[in-house]
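All remarks here apply to the structure that follows.
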Amino acid sequence: MARIVMKFGGTSMAGTERIRTVAKLVAREVGQGNEVAVVVSAMAGETDRLVGFCREANPRYDPAEYDVVVAAGEQITSGLLALTLQAMGVPARSWLGWQLPIRTEEAHARARIAGIDTGALLAAMGKGEVAVIPGFQGMMDDGRVATLGRGGSDTSAVAVAAAVKADRCDIYTDVDGVYTTDPRIVARAQKLDYVTYEEMLELASVGAKVLQTRSVGLAMKEGVRVQVLSSFVEGDEAPKQGTMIVSDEEIEELQMERQLITGIAHDKNEAKIIVTRVPDKPGGVANIFGPLAAAGINVDMIIQNVGRDKGETDVTFTVPATDLIRSIDLLESAKEKIGFNRILSDDKVAKVSVVGVGMKSHAGVASTMFRALADRGINIQAISTSEIKVSVLIDEDETELAVRVLHTAYGLDAAD
């Protein structure tokens, strides 16, 4: 017998027929003698609809009341799934975030999980009852509902799995695992059987949409084994094996030899900013990035160029495209302190990244990337690296070509 946490996303919960399919998958695990907790998202599109209502009611909405509204989507699907399981003869009940409770801290609409009380939950699971838990929500110290931000249901599922010491956390999505790249771009992309936490964290942070970044970081911290697999199965068919996200040590036991590169990711939600003729003196760059950091804007690639005139420099960096206008406004308001000449921007750019733990012990990864792109006439505008990742900024129009070229260059194409 195992203790399993199953998480189902919005597309998996999109309507009563889809919920019946989910219930069958849950019943299959129960039938195998496993203790099961299920974490559910709102129906696809429902959270956006509720957010729209908040904005219509009050454009300057109170975040605490916003949380009350948007948390309702997951409450509905948790109740519907519990009802469906009961109709199938499977004991089940819903547990809202405040009923466990899932304790959260920091701010409404972007709360973080501080802890989960599991006594009653484990007692119910031990009696064979399926616990259905709405993702994305918890309870602040004052007893009010809080939400975790976009993609928060993944984090909820991993947190529940850690709290109940689950043997595995299965994340069901509309894809059947993690691929070497987006199979819609590269038809010969391969599904990966195993990925390390570190690799998945990098892939998620640079554009892979399979898992939310916070959930991967929490899984790595707590040592939760996570499996990504598809809920889209026919009839009583069992889901195909997905991709397991595990520790470096477990992968080393399973795979003596690993590929140098695990995957290629891309992200078109990027914008480039150039701040020209900044005084080249101590504190000059800090004056640029201080206001952005204070506003919670994440800066990625940074390049400091030698300016045209002695004593001046140009600073180039990237921010999320959704933060471009706000970033420019913040910099313009601090123009006198920074002392720059003007700001240039471009939101028609994309970030393409190669990721793999094999980089730690192999040289030449970056040069292979640069040469492959150069051979196809793709210009690199900026570069950033980590121990297991190399990212480049390119024109948005060249994204798909770059992904295909790099996928082939690193030998990731599936055999014919």
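The values are calculated or read from the model by the stated rules, or taken from the named source; none is laboratory data. This structure is a prediction, so every number in the text was calculated from the model and none was measured. For neighbour counting, all protein chains shown are included, and Cβ atoms are generated from backbone atoms with ideal geometry for every residue, glycine included. What goes into the accessible areas is simple: the full protein's heavy atoms, side chains included, and nothing from ligands, DNA or RNA. Shrake-Rupley method; radii C 1.70, N 1.55, O 1.52, S 1.80 Å.
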> With a sphere of radius 12 Å drawn around the Cβ of Asp141, what net charge do the other residues whose Cβ falls strictly inside it have (Lys, Arg +1; Asp, Glu -1)?
Replying inline: -1
>> Multiplying the sequence separation of Arg150 and Phe53 by 0.36 nm and subtracting their Cα-Cα distance, what value in nm do you get?
In response: 33.2 nm
> Shape of region 1-154 from its Cα gyration tensor (a ≥ b ≥ c, root eigenvalues): rounded if a/c is under 1.5, otherwise prolate when a/b > b/c, or oblate?
Replying inline: oblate
> With each pseudo-label sitting 7 Å past Cα toward Cβ, what's the Ala415-Lys360 distance in nm, one decimal?
Replying inline: 2.9
>> Taking the Cα centroid of region 328-352 and of region 1-30, what is the distance between the two, rounded to the nearest whole Å?
In response: 46
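Summing Lys, Arg as +1 and Asp, Glu as -1, what charge do residues with Cβ under 9 Å from the Cβ of Asp167 carry, Asp167 excluded? Let's see the in-between values first.
Values: positive: Arg3, Lys165, Arg168, Arg225; negative: none.
Once all neighbours under 9 Å are counted, the net charge is +4.
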> Using the heavy atoms of the protein chains alone and a 1.4 angstrom probe, what is the accessible area of region 1-89 per residue in square angstrom?
Replying inline: 45
>> What does the charge count around Glu198 come to, taking other residues whose C-beta lies under 9 Å from its C-beta (Lys +1, Arg +1, Asp -1, Glu -1)?
In response: -4
> With labels modelled as points extended 7 Å from the Cα through the Cβ direction, what inter-label distance (nm, one decimal) is found for Ala286 paired with Asp347?
Replying inline: 3.2
> Given q = 0.06, 0.10, 0.13, 0.14 Å⁻¹, what are the Debye log10 I(q)/I(0) values for the chain, with equal point scatterers placed on the Cα positions and solvent ignored?
Replying inline: -0.28, -0.77, -1.18, -1.29
> When the chain is fully extended, how far beyond the present Cα-Cα distance does Arg326 get from Glu105, taking 0.36 nm per residue of separation?
Replying inline: 76.9 nm
> Can you pull the semi-axes for region 1-86, root of five times each eigenvalue of the Cα gyration tensor, sorted largest first, whole Å?
Replying inline: 31, 13, 9
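Direction-averaged shadow area of the convex hull around the Cα atoms of region 237-386, nm²?
The number I arrive at for region 237-386 is 13.9 nm².
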>> If DNA, RNA and ligands are ignored and the probe is 1.4 Å, what is the ranking of Lys310, Lys272, Lys127 by accessible area, most exposed first?
In response: Lys310, Lys127, Lys272
> Could you give the distance between the Cα centres of region 270-325 and region 36-88, to the whole Å?
Replying inline: 39
> Taking the Cβ-Cβ separation of Ile185 and Leu122 as r and a Förster radius of 45 Å, what is the calculated FRET efficiency to the nearest 0.05?
Replying inline: 0.55
>> Residues of region 147-163 with backbone nitrogen within less than 16 Å of a virtual label 7 Å along the Cα-to-Cβ line of Ser247, please, listed as ranges.
In response: 162
> Among the DSSP beta bridges whose two residues both lie in the chain, what percent are antiparallel, rounded to the nearest 5?
Replying inline: 65
> Given only helices, namely DSSP H runs of n ≥ 4 each adding -39500 (n - 2.57), what is the per-residue ellipticity at 222 nm of the chain, to the nearest 500 deg cm²/dmol?
Replying inline: -10500 deg cm²/dmol
> For Glu400 and Ala238, FRET efficiency with R0 = 35 Å and r from the beta-carbon atoms, rounded to 0.05?
Replying inline: 0.55
> Expressed as a fraction of 2.2 N^0.38 Å, the rule-of-thumb size for a compact globular protein of N residues, what is the C-alpha radius of gyration of region 56-134?
Replying inline: 1.30
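If you roll a 1.4 angstrom probe over the protein chains with everything in place, what fraction of the accessible area of region 94-224 belongs to carbon and sulfur, to the nearest %?
48
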> Could you give me the ³J(HN,Hα) list for region 117-131, computed from phi with Karplus coefficients 6.51, -1.76, 1.60 and θ = phi - 60°, whole Hz, x at Gly and Pro?
Replying inline: 7, 10, x, 5, 4, 5, 5, 5, 5, x, 8, x, 8, 6, 8
>> Given 25 °C and 0.890 mPa s, compute D for region 155-203 with the Stokes-Einstein relation, Rh being the Kirkwood radius over Cα pairs; round to the nearest whole µm²/s.
In response: 193
>> I'd like the Kirkwood hydrodynamic radius of region 312-388, using the inverse of the mean 1/r over distinct C-alpha pairs, in Å.
In response: 15.5
>> Can you give the FRET efficiency to the nearest 0.05 for Asn298 and Asp141, using r as the Cβ-Cβ distance and R₀ = 25 Å?
In response: 0.35
> Out of residues 5 or more away from Ile102 or on other chains, whose amide H comes under 5 Å of its own, with H placed 1.01 Å from N in the peptide plane?
Replying inline: Met139
